[in-house]
1. Starting from the residue with the highest accessible area, list 34, 293 in decreasing order, probe 1.4 Å.
2. Could you give the distance between the Cα centres of region 107-174 and region 276-302, to the whole Å?
3. At a 1.4 Å probe radius, carbon and sulfur cover how many percent of the accessible area of region 193-286?
4. If R0 is 45 Å, what FRET efficiency do you get for residue 141 and residue 230 from their C-beta distance, rounded to 0.05?
5. Out of every Cα pair in region 245-356, what percent are spaced more than 16 Å from each other?
6. For every other residue with a beta carbon closer than 11 angstrom to the beta carbon of residue 309, add +1 if it is Lys or Arg and -1 if Asp or Glu, then tell me the sum.
7. What would the Debye equation give as log₁₀ I(q)/I(0) for region 128-278 at q = 0.19 Å⁻¹, counting only Cα atoms as equal point scatterers?
8. Work out the FRET efficiency for residue 285 and residue 239 from their Cβ-Cβ distance, taking R0 = 22 Å, and round it to the nearest 0.05.
Amino acid sequence: MTARTTARTRTALVIGGGIAGPVAAMALHKAGIEATVYEAYGATGNPAGTSTGTSGTSGTSGTSGKSAPGGGMTIAPNGQQALETIDAAEVVRAIGTPVTALGLRSWTGRHLAQLAPPEHLPTTRFVWRTELHEALAAEATSRGIPFQRGKRLLDATDTGAGVTARFSDGSLAKADVLIGADGLRSTVRTLIDPSTPKPHYAGMLTFTARVQKTEIPSTEGVLYMCYGKRAYFSYQIMEDASAVWSVNLPHREPMTSTEAHAVGAGEWLKRLREAFTDDRTAAPDLVAATAPEDLLITGPTETMLPLTTWSRGRMALIGDAAHATPPTSGQGASLAAESAVQLARCLRDLPPSRAFKAYESLRRPRVDRILKLTTATPTATSAAARTATPKPAGPLSRVLRDALLPVATKVGGAGGAVWGAWQFDHRIDWDERVE
Ligand SMILES: Cc1cc2nc3c(=O)[nH]c(=O)nc-3n(C[C@H](O)[C@H](O)[C@H](O)COP(=O)(O)OP(=O)(O)OC[C@H]3O[C@@H](n4cnc5c(N)ncnc54)[C@H](O)[C@@H]3O)c2cc1C
């Protein structure tokens with residue numbers, strides 16, 4: 001083996017300043033590796049190299065009548081534990097609202113089950129996406145990590161001894177390795193494998209809203225997931241009577257975020273009212289109480305086939321670029337944080353090619369297991385997988401689901417297959433050496 005291939009990593013280019021990117025940069029920093037984050041979006045919120053922020057079909061940016069807060073998400077206990085490993089769990093605690101349990105309801109309003117993760121773990125937190133991005137970027141910057149905005153990666157050259165990245169503003173950057181944390185529509189993924197599968201439309205459009213004041217009592221930390229007759233609806237009512245809600249609306253024709261936005265928030269609210277007209281949950285009241293300017297059109301749901309490889313030469317993928325999960329899994333951001341920390345551990349202890357192999361074998365089994373649990377299939381049994389399917393349950397399936405789910409969750413329950421402890425109780429031993 002030459003000295004070049006056995007040399008440890010000293011510098012890294014991290015492409016993407018969403019969740020995986022800043023977490024990876026902080027973990028690399030902790031591992032003694034100099035990392036710089038390059039984010040396509042500039043300070044104005046528009047991505048470099050495109051004309052607007054709404055041109056893609058990715059559901060992650062979110063658009064509304066006013067500024068685009070990008071929707072909300074839950075950070076699971078395992079994601080917070082990954083952040084704890086790099087002393088960054090406070091970032092989520094500071095901006096997140098606690099979600100103490102998940103309540104499952106039928107469209108009739110019938111209570112089906114309530115699931116809570118084991119008590120010894122950090123409480124799941126609800127966060128707004130842009131607040132999380134900003135807080136992680138601020139934390140990384142406060143640790144001395146350069147965070148360059150308005151830098152859209154166009155391509156990269158692996159010289160064998162390092163990587164040179166080229167950005168849409170014509171600038172170049174060099175380092176020992178390049179980490180693709182650039183999300184579902186990753187450029188780095190295509191550089192690693194030009195024949196890689198593209199994300200495909202999963203048959204649903206997603207919406208999120210914040211209602212300032214409702215007449216509905218607080219759900220006391222419980223996030224309710226309602227299997228509506230025509231669409232899945234989730235909501236939580238806070239102590240101050242404000243509410244957040246989200247919808248997965250089945251929509252046969254693929255639609256980009258730009259097309260969905262062009263329909264207009266007022267028209268979507270009308271269609272959502274129609275979708276929930278028969279439901280005896282909080283959905284009709286909450287949709288009716290939502291002003292068009294408070295509706296976020298978070299876009300189409302998209303899924304990816306598993307990739308054959310997460311790395312090539314001196315480039316590797318983390319987060320959605322490597323392993324996108326359905327939005328309703330509640331695990332995409334947390335798995336992104338875990339992968340970022342594990343990759344940094346591997347690069348700390350091994351030269352790049354061995355580090356990338358070790359990283360993938362550490363991460364694949366866990367990611368695949370969670371994907372299996374949360375991806376919609378005809379035989380899916382988990383609560384999350386049932387919300388990821390665009391086809392609403394028919395009359396017979398509804399009866400069966402409402403009869404079986406309470407039993408299944410009692411058997412699997414908080415410690416078993418449905419809201420499984422194994423998903424949440426995952427710790428990364430930072431100090432353990434990777435061989
Ligand atoms: C509607 C919806 C709801 C969701 N809800 C949840 C939830 O409740 N819980 C959960 O855990 N997960 C949820 N997810 C999934 C979660 O959002 C993703 O798993 C998570 O954002 C992945 O983080 P990431 O850093 O890999 O990618 P992203 O967050 O997508 O960040 C990628 C970053 O890379 C930048 N970028 C892209 N291309 C380039 C380029 N060429 N050059 C430079 N920068 C680039 C982007 O601008 C972006 O900032 C949801 C997803 C959706 C769509």
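The values are calculated or read from the model by the stated rules, or taken from the named source; none is laboratory data. For clarity, every value in this text was computed on a predicted model and none was experimentally measured. In this analysis, Cβ positions are derived from the backbone assuming ideal geometry, glycine residues included, and neighbour counts consider all displayed protein chains. Side chains included, ligands, DNA and RNA excluded: accessible areas come from the protein's heavy atoms. Shrake-Rupley method; radii C 1.70, N 1.55, O 1.52, S 1.80 Å.
1. Most to least solvent-accessible, the answer reads 34, 293.
2. Between the Cα centre of region 107-174 and that of region 276-302, the gap is 27 Å.
3. Reported share for carbon and sulfur atoms: 51 percent.
4. Efficiency computed from Cβ-Cβ geometry: 0.50.
5. Roughly 70 percent, rounded to a whole number.
6. With Lys, Arg at +1 and Asp, Glu at -1, the net is +2.
7. Listed by q, the Debye log ratios stand at -1.21.
8. For residue 285 and residue 239, the calculated efficiency is 0.75.
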